[in-house]
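Only one structure is covered here, and it is reproduced in the block below.
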Amino acid sequence: MTVQRYPCTCEARPRRTILLVEDEPFVREATSRILQSVGFEVFPAADALEAMQVYDQLGRKADLLMTDVVLPGRSGHQLGQDLRNLSPGIAILLTSGYGEAGSDTESQEAHTYYLAKPYTKGSLVGKIEQILMATPLRRAAAQAGQ
């Protein structure tokens, strides 16, 4: 399997990487394009298994895991826990259209956030920027092996 990349075309800000996990192809593609259009580097996956493969190919380095809560196989919650076991500082954004994602705030678990579907471009980008501003050095520390 090869990693499908949506490279950043906006050089105005540092590129941040997002592992995007969404089982609905249209939603995955639309979200990827939105995030890429504002300068994020996006690595999409359709389910938790594919996401783990992509994460390994990335050298277990990503700024944010954005995942749907409801996925085939392992849930977004389970995927988040799997990645936290590998990279304790990774920020996680859970999304859902079913209401179980809770409110659009940080959860009891540190650096885990929620965003209800459907979301607008503004609410999506705003939420991700808020998350990444709250955890700006986590990826750098993970890359340094700390």
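For R74, list long-range residues whose amide hydrogen, built 1.01 Å from N in the peptide plane, is under 5 Å from its own amide hydrogen.
Sorted by chain and number, the residues that satisfy this are A48, L49.
Report, to two decimal places, the Cα Rg of region 17-133 normalised by 2.2 N^0.38 Å (N = number of residues).
Compared with the compact-globule rule of thumb, region 17-133 sits at 0.93.
So if R0 is 25 Å, what FRET efficiency would S123 and Q78 give, r being the distance between their Cβ atoms, rounded to the nearest 0.05?
0.50
Can you order the peptides 63-72, 87-96 by their average number of other Cβ atoms within 10 Å per residue, highest first?
63-72, 87-96
Show the residues, 5+ positions off or on another chain, whose built amide H is closer than 5 Å to the amide H of Y119.
Those lying under 5 Å, H to H, from Y119: there are none.
Every number here is computed from the coordinates shown, using simple stated rules; none is lab data. Not measured: the values here are computed from a predicted model. Note: ideal-geometry Cβ built from the backbone for every residue, glycine included; neighbour counts use all protein chains shown.
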